[in-house]
1. Tell me the per residue accessible area of the chain using a 1.4 Å probe; a whole number in Å² is fine.
2. Over 24 Å between C-alpha atoms is what I'm after, so list which of LYS186/LYS313; LYS50/LYS90; LYS88/LYS230 land there.
3. When ranked by the protection proxy of mean other Cβ atoms within 10 Å per residue, highest first, what sequence do the peptides 182-188, 10-16 form?
4. Specify whether the C-alpha gyration tensor of the stretch 150-250 places it in the rounded, prolate or oblate class, a ≥ b ≥ c being the square roots of the eigenvalues: rounded for a/c under 1.5, otherwise prolate if a/b is larger than b/c and oblate if not.
5. Got a sec to turn the phi values of the stretch 95-109 into Karplus ³J(HN,Hα) couplings, 6.51 cos²θ - 1.76 cosθ + 1.60 with θ = phi - 60°, whole Hz, x for Gly and Pro?
6. Which ³J(HN,Hα) values in Hz, rounded to whole numbers, follow from the phi angles of the stretch 169-182 under the Karplus curve 6.51 cos²θ - 1.76 cosθ + 1.60, where θ = phi - 60° and Gly and Pro get x?
7. Let me have the relative contact order for the stretch 203-324, percent, based on Cα pairs under 8 Å that are six or more residues apart.
8. Any aspartates and glutamates with Cα under 20 Å of the LYS164 Cα? List them, leaving off those in the same chain fewer than 8 positions away.
Amino acid sequence: MQPTKHNWTKEEISAIYHKPFLDLVYEAATIHRENKDYNEVQVSSLISIKTGGCAEDCSYCPQAARYHTDLEVQPLMQVSQVVSAAVKAKEGGASRLCMGAAWREVRDNRDFDRVIDMVKAVNEMDMEVCCTLGMLTESQAQKLADAGLYAYNHNIDTSEDDYKRIISTRTYDDRLNTIKNVRKAKLTVCSGGIIGLGETPEDRVSMLQTLANMEVHPESVPVNALVPVKGTPLEDQPRVPIWDMVRMIATARIVMPNSVVRLSAGRNEMSTLEQAFCFMAGASSIFAGDKLLTTPNPAFVDDMAMFELLGLKTRDAFKNGRPKNTINKNNEVTAI
């Protein structure tokens, strides 16, 4: 396996990102193939358990209450509805269910108690469970861990310098503090970003540097292409060129060689050939199902047909084992 490094400079990552395209893909593919399971793809299903009405002002998001989109606000789902969605996702080939709520932050109330019950129910189905609920405290992260949560998603979205142009209702440090709280609870981290927001290549490099220089690399790194939504400030942004997506995936694979790099939002506009380039460059995870929270996504049956064509196979749940606690020689609780 490629050794991990946590002190990347912007110049080093920039040199990788700007390599001649075929050289970049070859290097990333070589690193990816050093993993004996390079042809496995971890399939996740993402559902919106509470839709719209969010107090944040993320410029790309139709769930922000302040924007006038066609999104219909929906209350928090019932546990039985989530279980039904999980059954459908598992039957379609997903090994992980990701649940997203349009909240700025987690609050200790009955809604959070219901989310805890959702986590417990899906975990009992032998599926990995991931949540993305906004900011959360260390104690809230621990409650989710105790319920059986496998991963917590909290994207950093873009570079620290570019961040204020995209979001003003929370800071970059708020994002990083939530990730630290997730780590303290011994949960795996899912954190990546979005390209196509109007950022520069330097912003993309800086975002990858933030992720790659974390003390522990995120176990999952989603690379999203913006899906412009009418009514949001970024509604007129052009589609991200596929070559930019491949560059981001390849660079992420090289600087975080042991992370799962997820080809995320934007796949609905990609051909099978374009997605094949992404897998070749190191993508090892996708979201499947006909919707990503509120935006269209390829259906399970289409993805399984693509997997068969490309010779890919789905990754089993808990491939690296379930998180469990053990006591080390200093009587400290650590996760293995």
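The values are calculated or read from the model by the stated rules, or taken from the named source; none is laboratory data. Only a predicted model underlies this, so the values are computations on that prediction, with no experimental measurement involved. Don't worry about glycine lacking a Cβ; one is built from the backbone with ideal geometry, like all the others, and counts go over all protein chains shown. Please note that ligands, DNA and RNA were not included when accessible areas were found on the heavy atoms of the full protein model with its side chains. Shrake-Rupley method; radii C 1.70, N 1.55, O 1.52, S 1.80 Å.
1. On the way: 15180 Å² over 336 residues.
With all protein chains present, the chain gives 45 Å² per residue.
2. Numbers: LYS186/LYS313 28 Å; LYS50/LYS90 21 Å; LYS88/LYS230 30 Å.
Exceeds cut-off: LYS186/LYS313; LYS88/LYS230.
3. On the way: 182-188: 20.3, 10-16: 15.9.
The densest-packed peptide leads the list: 182-188, 10-16.
4. Numbers: a/c = 1.88, a/b = 1.50, b/c = 1.25.
Taking the square roots of the gyration eigenvalues as a ≥ b ≥ c, the stretch 150-250 is prolate.
5. So the Karplus estimates, Gly and Pro as x, are 10, 9, 10, 10, 10, x, 10, 7, 10, 6, 7, 7, 10, 7, 8 Hz.
6. Couplings: 8, 8, 9, 4, 5, 4, 4, 5, 5, 5, 4, 5, 5, 5 Hz.
7. Working: 128 pairs, mean separation 26.3, N = 122.
Averaging sequence separation for qualifying contacts and normalising by length gives 22 percent for the stretch 203-324.
8. GLU56, ASP57, GLU105, ASP173, ASP174, GLU199, GLU202, ASP203, GLU235, ASP236
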